[in-house]
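Chemist: Pasting a structure below so you can have a look.
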Amino acid sequence: MFSGFNVFRVGISFVIMCIFYMPTVNSLPELSPQKYFSTLQPGKASLAYFCQADSPRTSVFLEELNEAVRPLQDYGISVAKVNCVKEEISRYCGKEKDLMKAYLFKGNILLREFPTDTLFDVNAIVAHVLFSEDVEYAHLYFFHCKLVLDLTQQCRRTLMEQPLTTLNIHLFIKTMKAPLLTEVAEDPQQVSTVHLQLGLPLVFIVSQQATYEADRRTAEWVAWRLLGKAGVLLLLRDSLEVNIPQDANVVFKRAEEGVPVEFLVLHDVDLIISHVENNMHIEEIQEDEDNDMEGPDIDVQDDEVAETVFRDRKRKLPLELTVELTEETFNATVMASDSIVLFYAGWQAVSMAFLQSYIDVAVKLKGTSTMLLTRINCADWSDVCTKQNVTEFPIIKMYKKGENPVSYAGMLGTEDLLKFIQLNRISYPVNITSIQEAEEYLSGELYKDLILYSSVSVLGLFSPTMKTAKEDFSEAGNYLKGYVITGIYSEEDVLLLSTKYAASLPALLLARHTEGKIESIPLASTHAQDIVQIITDALLEMFPEITVENLPSYFRLQKPLLILFSDGTVNPQYKKAILTLVKQKYLDSFTPCWLNLKNTPVGRGILRAYFDPLPPLPLLVLVNLHSGGQVFAFPSDQAIIEENLVLWLKKLEAGLENHITILPAQEWKPPLPAYDFLSMIDAATSQRGTRKVPKCMKETDVQENDKEQHEDKSAVRKEPIETLRIKHWNRSNWFKEAEKSFRRDKELGCSKVN
Amino acid sequence: MGLSAAAPLWGPPGLLLAIALHPALSVPPRRDYCVLGAGPAGLQMAYFLQRAGRDYAVFERAPRPGSFFTRYPRHRKLISINKRYTGKANAEFNLRHDWNSLLSHDPRLLFRHYSRAYFPDARDMVRYLGDFADTLGLRVQYNTTIAHVTLDKDRQAWNGHYFILTDQKGQVHQCSVLFVATGLSVPNQVDFPGSEYAEGYESVSVDPEDFVGQNVLILGRGNSAFETAENILGVTNFIHMLSRSRVRLSWATHYVGDLRAINNGLLDTYQLKSLDGLLESDLTDLAILKDSKGKFHVTPKFFLEEANTNQSADSITLPQDDNDNFAMRVPYDRVIRCLGWNFDFSIFNKSLRLNSGNAFGKKYPLIRASYESKGSRGLFILGTASHSVDYRKSAGGFIHGFRYTVRAVHRLLEHRHHSVTWPATELPITQLTSSIVRRVNEASGLYQMFGVLADVILLKENSTAFEYLEEFPIQMLAQLETLTGRKAKHGLFVINMEYGRNFSGPDKDVFFDDRSVGHTEDAWQSNFLHPVIYYYRYLPTGEQEVRFRPAHWPLPRPTAIHHIVEDFLTDWTAPIGHILPLRRFLENCLDTDLRSFYAESCFLFALTRQKLPPFCQQGYLRMQGLVSTESLWQHRVESRLLRDYAPTGRRLEDSSQQLGDQEPLGSPLAPGPLAQSVDSNKEEL
């Protein structure tokens, strides 16, 4: 493999390099500051990373930097690691241990400095360094040497025409690396290649057996011409199952989702090229117009659930893993076996999104569960759903023999539902009958396979005479069924347990299986509601890793969140410091937690809202979510140790700390306006006679001429999409119409509510 | 009359004692609800009363239910369609295409189990109604002819009076509420000289053999006239059809009571030059004369008046004598009167003030939009006789329409007399779009009784929740609070089904080019029946607003209006074409964001904003967030609706394009530009 990209600068030429193929012979020179500065040569660029100590975090960066040595050398840019030693103080050696930067020098002039997080990998390093220099006269070529077997032969090369931005280069390289020509024999509508994902159209050259060789040559020729602009495929008509118009020899598929393919008759390679180029051109203009003039289109979906479900509509789910119920089978099924029923509506996006998770549950439970997974489409069996008291979607209910159906109230996701189903294999609360069994229960032995789903087991201890307390506990246990394992023990020898765990009856024993700890909580009040509250509170951790799933349970405490953002597992020392503060009651008015960006990548979005620019991790912030929305950041030049934290908290309390930002308190208003039909009706009434003319729309005769469409877009609006005149339906007409209407949807905007 | 016996019941104690001594003699049985007539409407009301556990009785003069159908239609073919297949399982949806069934909880009592014919035989209807009454155990007193109905004032009574019904045996029944479901039973007769020569639809022969080689004149232009013509079209010399107004084709008027295509064979032969024909003239200006051969001649009445005697056709001047191309110059062998039916007012005492309406409504008693008589409180007209409410508009005169209006009346009374508020489902605001989409796609009452019954959504404070009321008689909107027992303080939506404003009418060409509207922005110009949603910030209670609404508006002028674009398949579930514009409309009315979000987005909002959109508040924060699967997540990134926050890879999504590289605050998911909401337009309206 021998391919790569190359930057040609005016007057300077560099050798071919390859960032994807990386020999390890080059290593990063390590220099002292003094030594480093002495090596700088006038006019030569040099990238230096100043660092104090090798922390695990910087070593990743160093690896990447190491890999960038050779590519940068190829451009005549030297790379060095400069060790800041105590003896030599340089202003490039930062003050803090972790806040080190890389600097780009030209001669001994500083060109730019880079925070290390912008140089996240070798590609980023190379790209940033190269672009820091004057790139206006730079050209990027891709050398296609992979295709050349004989190294003496010249490699073909492609010039990148777009401005040199990271994005464009990424795009360019990706397309360069994609196969030049692909042969397909499937419906062009269904074909997808890397080009489509990159927002580039696809051109299919239609071929048949008889002319295959010639077609292939043409296609290759087209492919070279369109490299970087469109993907080119050879469509084998003979083995195609779908029909395409007889005369069409080119199929054009736009990158936009949902736009039907165009069937074209083009007898000249240049026509193909210009068709592609013209159509790309329009798109850009349209986008510009949208940006400048109209803003987002109200006919474009902005509901992420609806949009993703729509985009996913053609994927086949293994629905057969769940039993589809009907009016006829519903009662018999839920009576005959323990069942989970998903009530959904086929047209409702949220239910359909959840249906996928539900099927995932079925996949995971396949053959292992006694619980029957069923579903019923309320769009079809409306009456059944109404009878089951289902008036909204989706709803999940569990039907067990001899019990009232239970509605599932957890997260609408695979993990939580799976947990619910697994935990419902036992009864609530479990009746424990011997001391030995109780010990097994508390140790997690009894339900070994279930404590995976409930990290806490609760055991209620009651003397046999505590009737109401036992009933209340049973009620609470039943309420928590499927969420946390509960058991009850009230044999004559219960005192043995209460003595052992120092719990005066009635009491709860809380076994935390992950920590191997057993706590006892006296039950002052035995109201079921209170017991539920005690148990749910006890499930909360002192310093939890906050996740998408568990935030709501902490959020409802209504306290400011003290969040430690960490790229990976939390540093045990930080954890220890914070837990110490918790124990010392410094953090009672807060909810301390940490966030692992590896598990919860959306945390980066949160950090971006808090910081600009983003300091290196870890970051400790206090977010006053419930009153005021201020965000305070623990100074990143301070170590996260108890003393510093205490001091900071005191300053916070005293109002001596400035917030770094205030979260917007903006209400959630309609994202976009709606059509104002009332005004349109009024306008039509006041100027009677001009039927079917929406507000501010000019009526112009339509010529089905592509050129005119470009010149006068308002003309396109007029023609209604033909939904009833079936006689006009043939494939190419239909697609043309659909395309026009698609385009038109993007253009309107005059008739919105103003 | 034994009526006075009721009064002492509330009299002094001494009299009470007297009554106690002669109970059998004088206390008439008292019912909370009495129903006159065990036809479809009467049985339908009986069903609801029975289900609600009310005290009621149905009085029927015949020995079995549905006696009208034992004789009518004369040619035994019902023109109400019995569509047994729709390709859908949804029972409620299927009722949209079932014009014969009554409403019940029992799926066996669907008409499609009684006939396989698309246009079923009337005998099957009789059998069906009988089964309906029997299977459900409805309390019908057969062979009981109520001969007289009068009022007895009593301040203790629910309505300040009792209805006193006397049957053919003199037995008296006392009723708190009276439902009259007797249909239209009196053949309509027009008085003109010679009208006695006409045979009535109700008695004319239905044997085509009796019309062989005859010239036939049919008076009337309704379905019964055409039905009669259809039967004899093949054996007569010709049929002329005469009526006051031009023919109204139901496909053009969208009114099922107008001439249905199944009966319009005569139009076909007329226009295809086959001697049959249609003529327009007011019958009251005509006269029919019999000549010596027993044939009938039609002449304007004034010819007769000039002759000043009622002479035979042989002796007086006829139009053709002056005007030799007069259309009706040929004598007829038979004249058949098919002029429809009228309500039988005869059994109601004047004290009930049950009057007929004016103009076209003469055949119907005068009632309010709540189906209550304007003359007496507690007297309701149900079924065909209640059609004055939506005559020539909707389906209230037919089974597939009045089965719903009967239910509405029942609900009104449940509230009025039993403190049962109008049934409603309370849901969080996040379900608003879905609940509307669900109803407009399946509700049969809205579909059949378009413009008459409409769903009402009552918003709760701060629009965090709403109550959904189904099929409220929409002309009673101003009194909604008192009639339903529900509060409409915080604004409301009304969901109505409508044809395009200028689409329906006897003279309309409903097949014109471009009749179909496909674009969401043109939805307000939709022609075919489609859902229309009205938003009112306040309940329009003023007489001004409701009665004197703009011409052609079925409802008072709303704060905002939305049309869901017509759909060829009447399937309004398209995500972009139907649901998205609806959501935008609802959002702008409520001034909020009704989008749904995955848990991850809610998580981001929860930590970066002080407020959360309703979907996150009502779902995610209650630990019921929607978790995205891997494949949906991929689509989410590709759609650029959410940025991929993974540290490396997929950098492309961070492109500087419109929806890509933005901080969470400006991301497409965040609240949009502060779009002007409907509220801000308020002053201009």
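No lab work stands behind these numbers, since they all come straight from the coordinates. Nothing here was measured: the structure is a model prediction, and the numbers come from that model. Backbone-built Cβ (ideal geometry, glycine too); neighbour counts: all protein chains shown.
Chemist: Amide H neighbours of B:His161 under 5 Å, counting only residues 5+ apart in sequence or on other chains, H built in-plane at 1.01 Å?
Modeler: Amide H neighbours of B:His161, under 5 Å, 5+ apart: B:Asp154.
Chemist: Can you sort A:Thr661, B:Thr228 by how many other beta carbons sit within 10 Å, fewest first?
Modeler: Sorted ascending by nearby Cβ count, the order is A:Thr661, B:Thr228.
Chemist: From the Cα gyration tensor of segment B:506-593, with a ≥ b ≥ c the square roots of its eigenvalues, which class applies: rounded if a/c is under 1.5, or else prolate if a/b is larger than b/c, or else oblate?
Modeler: Oblate is the answer for segment B:506-593, as a/c is 1.5 or above yet b/c matches or exceeds a/b.
Chemist: Right, something else. Please give the charge dipole size of segment A:446-516, origin at the Cα centre, charges +1 on K and R Cβ atoms and -1 on D and E Cβ atoms. Round to the nearest 20 debye.
Modeler: Here segment A:446-516 has a charge dipole of around 140 debye.
Chemist: Go through segment B:507-602 and name the chymotrypsin sites (Phe, Trp or Tyr not before Pro) that are in a DSSP coil and have 13 or fewer other Cβ atoms within 10 Å of their Cβ.
Modeler: Those satisfying the criteria are B:Phe511, B:Phe512, B:Tyr538, B:Phe548, B:Phe568.
Chemist: Using modelled backbone amide H atoms (1.01 Å from N, in-plane), which distant-in-sequence or interchain residues come within less than 5 Å of B:Val177's amide H?
Modeler: B:Tyr33, B:Cys34
Chemist: Now, a different point. Taking every DSSP beta bridge that has both residues in chain B, what percent is antiparallel when rounded to the nearest 5?
Modeler: Antiparallel: roughly 60 percent of the beta bridges in chain B.
Chemist: Then there's this: If you take the charge dipole of segment A:423-535 about its Cα centre, with +1 on Lys and Arg Cβ and -1 on Asp and Glu Cβ, which of A:Gly460, A:Ser498, A:Tyr479 is farthest toward its positive end?
Modeler: A:Tyr479
Chemist: Right, something else. Using packing as a proxy for protection, rank B:625-636, A:101-112 so that the peptide with the highest average count of other Cβ atoms within 10 Å comes first.
Modeler: Per-residue Cβ counts within 10 Å, averaged per peptide and sorted highest first, yield B:625-636, A:101-112.
Chemist: Just want the answer: with Cβ charges of +1 for Lys and Arg and -1 for Asp and Glu, which residue in B:Ile561, B:Tyr499, B:Leu539 is farthest toward the dipole's positive end in segment B:499-594?
Modeler: B:Leu539
Chemist: Next question, about the same structure. Could you tell me what percent of the DSSP beta bridges with both partners in segment B:13-162 are antiparallel, to the nearest 5?
Modeler: Bridges in segment B:13-162 are about 40 percent antiparallel.
Chemist: With 10 angstrom as the radius, rank B:Lys350, A:Lys669 by how many other C-beta atoms surround their C-beta, starting from the fewest.
Modeler: B:Lys350, A:Lys669
Chemist: Check A:Val323: other-chain or 5+ apart residues with amide H under 5 Å from its amide H, H built from backbone geometry?
Modeler: A:Leu373, A:Thr374, A:Arg375
Chemist: Return the sequence-ordered ³J(HN,Hα) values of segment B:530-536 in whole Hz as given by the Karplus equation 6.51 cos²θ - 1.76 cosθ + 1.60 applied to θ = phi - 60°, using x for Gly and Pro.
Modeler: Listing the rounded values in order: 8, x, 10, 10, 9, 10, 10 Hz.
Chemist: With each run of n ≥ 4 DSSP H residues scored as -39500 (n - 2.57), what mean residue ellipticity at 222 nm is computed for chain B after dividing by its residue count and rounding to the nearest 500 deg cm²/dmol?
Modeler: -6500 deg cm²/dmol
Chemist: Take the cross-link list A:Lys366/A:Lys448; A:Lys366/A:Lys400; A:Lys397/A:Lys598; A:Lys467/A:Lys559 and give me the ones stretching past 30 Å between alpha-carbons.
Modeler: A:Lys397/A:Lys598; A:Lys467/A:Lys559
Chemist: Kindly provide the GluC sites (Glu not before Pro) of segment A:433-508 that DSSP labels as loop, not H, G, I, E or B, and whose Cβ sees at most 15 other Cβ atoms within 10 Å.
Modeler: A:Glu445, A:Glu492
Chemist: List, in order, the whole-Hz ³J(HN,Hα) value for each residue of segment A:244-260 obtained from phi through the Karplus relation with A = 6.51, B = -1.76, C = 1.60 and θ = phi - 60°; use x for Gly and Pro.
Modeler: Here the 3J(HN,Hα) series is 10, x, 3, 7, 5, 10, 9, 10, 10, 10, 6, 6, 5, 5, x, 8, x Hz.
Chemist: Give me A:Asp380, A:Asp493, B:Asp98 sorted ascending by neighbouring Cβ count inside 10 Å, so fewest comes first.
Modeler: By the 10 Å Cβ count, ascending, the order reads A:Asp493, A:Asp380, B:Asp98.
Chemist: Principal axis extents for segment A:321-419, Cα atoms only, whole Å, descending order, please.
Modeler: Between the extreme Cα coordinates on each principal axis of segment A:321-419 lie 32, 31, 22 Å.
Chemist: Using θ = phi - 60° and the Karplus curve 6.51 cos²θ - 1.76 cosθ + 1.60, what whole-Hz ³J(HN,Hα) does each residue of segment B:615-624 get, with Gly and Pro shown as x?
Modeler: 4, 6, 4, 8, x, 4, 5, 8, 6, 10
Chemist: What trypsin sites (Lys or Arg not before Pro) in segment B:125-233 are in a loop by DSSP, with at most 10 other Cβ atoms within 10 Å of the Cβ?
Modeler: Sites meeting the loop and neighbour criteria: B:Arg155, B:Lys169.
Chemist: Using every pair of alpha-carbon atoms in chain B, split the distances into 10 Å bins beginning at 0 and state the percent of pairs per bin, rounded to integers.
Modeler: For chain B, the pair-distance distribution reads 3, 13, 20, 21, 18, 12, 8, 4, 2, 1, 0.
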